[in-house]
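Undergrad: Structure in structure tokens, see below.
Every number here is computed from the coordinates shown, using simple stated rules; none is lab data. Quick caveat, the model's predicted, so the values are computed rather than measured. All Cβ positions, glycine included, derive from the backbone under ideal geometry; neighbour counts span all protein chains shown.
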Amino acid sequence: MKSVWIDRFFRHSGRIPLPVSWYARLWRPPVIALCYHVVSDEELPHIRGLYDYKDSRMFRADLRYIKNHFRPVSYEEIEAGPVQKEKGKIPVLVTFDDGCRECHSVVLPILREEGVPAVFFLTTAWIGNQVLFHRHLMALCLREVEKMPSDYSRPLLAEWGASFEKRFAGVEAFRTWFLALRSTRQEVVQQIAARLGIDSAGFLQTQQPYMTSEMVQELKREGHCLGAHSHTHARLSELTAEQMAAEILTSANLVRIWSGQARVPFAFPRCGDGIERHFLLALRRQHPHLGLFFDSKDFKRDVDFIRNRVWCDQRAGSHEKTNLPQQLRTAFHKQPFYALTS
Ligand SMILES: [Zn+2]
């Protein structure tokens, strides 16, 4: 609960209309890296309910703001070393995590029209739509439960309460418990989905929520960079060193095959907390095709091969007006706290 209030405080603080350039002058980030997941004009049933996402007009407004105030750069420029600021404009790197289908159908044409390069970090087991991410399945389950009349949902919640030794006062209480389930308890999600009659295989076939290998190769052909985002999106800090290395290397090797890139950057699924930096350093030394690593802690400084990113999926209030300044201010406001805790 405490973190929800802190998060809300920072979000509100970003509304103070001070120029972002003032913050940039104060904190001097060498690069601003942005992290998105998906952009869509449609209701995505497997995502809505988990996190917010922008529509195509909002995303285009973000890119125009970036082009007017900063300098969009490619991953290769960042990897090559300190990026030059042109006319005082800070370099900005646009990235997308997960490998959702809309990266190809919605994001790619907008990037092409606006002339902005991006990095697409892929959860490689999902590419080709053979597996549905358990959290995407969770969103489908919650959608079913939330649209049920209470006469139907009440006995179901009582049934699940008895099975899992919980007492759900209502759908909201169930939702909180369900979303907090650890990734090691995926069988619970499967059990609940089966009870609700949700057909994962059918959803994968009809919705095609993820890109195919042909689609990701098209992103590459258009000049974008492909990155790895683990093989199964497991929380790396919960794995043994051997399992963690397998998640990182399997995904990086597949991305190398699809992209033909000499170097493959990697973005932590969820976040990089609790992962030994010495372990990652040794892994990069053994496998020189591993590029830079990316986390999602705004502008927090980390070891030299890890860059942090600002999460930008939160919808703007208007379709045409960007909310990036607000999101960047929020991220800059967290800087003193990151500085104190690192
Ligand atoms: Zn992810």
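Undergrad: Could you work out the helix-only [θ] at 222 nm for the chain, with each DSSP H run of four or more residues adding -39,500 (n - 2.57) and the total divided by the number of residues, to the nearest 500 deg cm²/dmol?
TA: -13500 deg cm²/dmol, from helical runs alone.
Undergrad: For Asp302, Asp295, what's the fewest-to-most ordering of other Cβ within 10 Å of each Cβ?
TA: With the sparsest Cβ surroundings first, the list reads Asp302, Asp295.
Undergrad: With the calculation restricted to Cα positions, what are the radius of gyration and Dmax of the chain in angstrom?
TA: That works out to 20.5, 64 Å for Rg and Dmax.
Undergrad: Still on this model: So which trypsin sites (Lys or Arg not before Pro) in region 174-210 end up in coil per DSSP with only 13 or fewer other C-beta atoms within 10 Å?
TA: Here the trypsin sites (Lys or Arg not before Pro) that fit, given the DSSP loop and packing criteria, are Arg182.
Undergrad: Oh, and also: Give me the one-decimal nm value for the distance between modelled label points at Ile16 and Glu146, 7 Å along each residue's Cα-to-Cβ direction.
TA: The answer from the label model is 3.3 nm.
Undergrad: Filter the chain for me: DSSP H helices, axial length by Cα at least 15 angstrom, mean Kyte-Doolittle hydropathy not below -1.0. List them by residue number.
TA: Qualifying helices: 2-13, 134-147, 150-163, 241-259.
Undergrad: Could you tell me the center-to-center distance, by alpha carbons, between region 244-323 and region 86-148 in angstrom?
TA: Using only Cα atoms to place each centre, the spacing works out to 14 Å.
Undergrad: Over region 10-59, how many percent of alpha carbon pairs lie in each 10 Å bin up to the one with the longest distance?
TA: Whole-percent P(r) values from 0 Å outward: 19, 34, 33, 14, 0.
Undergrad: Ranked by Cβ crowding within 10 angstrom, fewest neighbours first, how are Tyr210, Tyr36 ordered?
TA: Starting with the residue having the fewest Cβ neighbours, the order is Tyr36, Tyr210.
Undergrad: Can you tell me which aspartates and glutamates have their Cα less than 16 Å from the Cα of Lys147? Leave out same-chain residues fewer than eight positions away.
TA: Glu43, Glu172
Undergrad: How many Å³ per residue does the convex hull of the Cα positions in region 134-204 occupy?
TA: Looking at region 134-204, the number lands at 83 Å³ per residue.
Undergrad: What percent do you get for the relative contact order of region 134-204 when only Cα pairs under 8 Å and 6+ apart count?
TA: Relative contact order here is 46 percent.
Undergrad: If you rank Phe203, Phe293 by fewest surrounding Cβ atoms within 10 Å, what's the result?
TA: Ordered from fewest to most neighbouring Cβ atoms within 10 Å, Phe203, Phe293 come out as Phe203, Phe293.
Undergrad: Counting only Cα atoms, I'd like the Rg/Rh figure for region 86-208, Kirkwood definition for Rh.
TA: So for region 86-208, dividing Rg by the Kirkwood Rh gives 1.12.
Undergrad: Would you work out the relative contact order for region 274-342, in percent, from Cα pairs under 8 angstrom that are 6 or more residues apart?
TA: 24 percent
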